[in-house]
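Asks: Quick one: this structure, given as structure tokens, is what I'll be asking you about.
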Amino acid sequence: MESLFDYAGITNDKEKKRRILEYVDAQTEQKWLGFDSYDEESSWEAFVKKIKESYPEAVDDTGSVANLDWICREHARLSKSDTGEIHSLLRKFRAEAKKLADVVGNGSLVNKLMKCFTPAFADVIEE
């Protein structure tokens, strides 16, 4: 975002905090609005620091199978009707799997992902 702010000439911390909310979903926006560092007195840097502290997985550039397992436990037994949860799973799983591309084979990743779904839905996906 920093490069976009620079390009747009946005230097005001309050404006940066307001603009960043345009790029997140409604739930995340509500969480971020609740951060003490979103107030008028706090700097942009303090706000970014709080975001990074709140989402350590986003700044962790070393993937692990344990992280994939945690993601799968968080999104267990998803069915066809769990559209929002499926999209959340896929975003998180892809990000973690990308970090493991040189370590874990694609077949293992697919098997792990498929275990996140109910057996009936997994069968439909495999067809």
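The values are calculated or read from the model by the stated rules, or taken from the named source; none is laboratory data. Everything numeric here is computed off the predicted structure, so don't read it as measured data. Quick reminder, even Gly has a Cβ in these numbers, built from the backbone with ideal geometry, and neighbours come from all protein chains shown. Protein only, heavy atoms only, side chains kept; ligands, DNA and RNA dropped before computing areas. Shrake-Rupley method; radii C 1.70, N 1.55, O 1.52, S 1.80 Å.
Asks: Please list 1, 114 in order of solvent-accessible area, largest first, computed with a 1.4 Å probe with all protein chains present.
Replies: Details: 1 80, 114 30 Å².
Ranked from most to least accessible, the order is 1, 114.
Asks: For 92, 80, 49, what's the largest-to-smallest order of accessible area, 1.4 Å probe?
Replies: Values: 92 75, 80 160, 49 125 Å².
Reading off the accessible areas and sorting them downward yields 80, 49, 92.
Asks: Given a 10 angstrom Cα cut-off, can you work out which residue in 55, 38, 23 is the most mobile in a GNM of the chain?
Replies: For the chain, modelled as a Gaussian network with Cα springs under 10 Å, the answer is 23.
Asks: Give the separation of the Cα centroids, the stretch 92-111 to the stretch 1-61, in Å.
Replies: 29 Å
Asks: Right, next: Rounded to the nearest 0.05, what FRET efficiency do residue 98 and residue 40 give with R0 = 41 Å and r taken as the Cβ-Cβ distance? Could you check?
Replies: Details: r = 38 Å, r/R0 = 0.92.
Once the sixth-power term is evaluated, E becomes 0.60.
Asks: Give me the 1.4 Å probe accessible area per residue for the stretch 1-67, excluding ligands and nucleic acids, in Å².
Replies: The answer is 72 Å² per residue.
Asks: Relative contact order for the stretch 46-127 using alpha-carbon pairs under 8 Å, separation at least 6, rounded to a whole percent?
Replies: Values: 53 pairs, mean separation 30.6, N = 82.
Worked out over the stretch 46-127, it gives 37 percent.
Asks: When the accessible area of the stretch 1-122 is split by element with a 1.4 Å probe, what percent falls to carbon and sulfur?
Replies: Working: 4370 of 8300 Å².
Solvent-exposed carbon and sulfur of the stretch 1-122 make up 53 percent of the total.
Asks: So what is the relative contact order for the stretch 1-96, in percent, with contacts set as C-alpha pairs under 8 Å and at least six apart? Walk me through the numbers on the way to the answer.
Replies: On the way: 40 pairs, mean separation 17.4, N = 96.
Taking the mean separation of contacting Cα pairs over the length of the stretch 1-96, I get 18 percent.
Asks: Residue separation times 0.36 nm, minus the C-alpha to C-alpha distance between residue 49 and residue 74: what's the value?
Replies: 6.5 nm
Asks: Here are several values of mean projected area of the Cα convex hull in nm²: (1) 19.4; (2) 9.6; (3) 8.8. Which one was derived from the coordinates shown?
Replies: The value matching this structure is (2).
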